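Since every read-out is calculated from the coordinates, none of them should be taken as a lab result. Keep in mind that this is a model prediction, so the values were computed, not measured. Note that each Cβ is placed from the backbone with ideal geometry, even for glycine, and that neighbours are counted across all protein chains shown.
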Amino acid sequence: MNQRCQSREALLNWIHMVSFAAYDMALYLDTHPQDQKAMEYYQNYNHLRNQALEDFAQAFYPLTMDTVPSCARHWEWADSPLPWEGGC
């Protein structure tokens with residue numbers, strides 16, 4: 001596997017990990033909205049997730065519609081490989 005593929009895989013794995021942490025904490029906060037430590041944890045991992053999604057979009061292609069560059073000249077969301085083409 002080449003270096004670009006390895007870094008792509010590593011970044012995807014990181015996105016999965018920080019997304020899980022952020023989403024899990026969001027569910028916890030639904031039932032414990034006053035837990036300040038939990039809110040800080042969520043904000044930290046949500047920030048890491050957003051940064052990782054931006055990094056991935058810059059290096060490869062947008063994973064989410066909100067990471068399509070605003071200066072794009074065409075709809076880049078459609079440029080990413082589909083799951084059966086090796087995406088995801």
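Points to keep in mind about this one:
- Applying 1/(1 + (r/R0)^6) with R0 = 35 Å to the Cβ-Cβ distance of Leu27 and Gln58 gives a FRET efficiency near 0.75.
- When you count the other C-beta atoms within 10 angstrom of each residue and take the mean per peptide, 46-55, 24-33 line up highest first as 46-55, 24-33.
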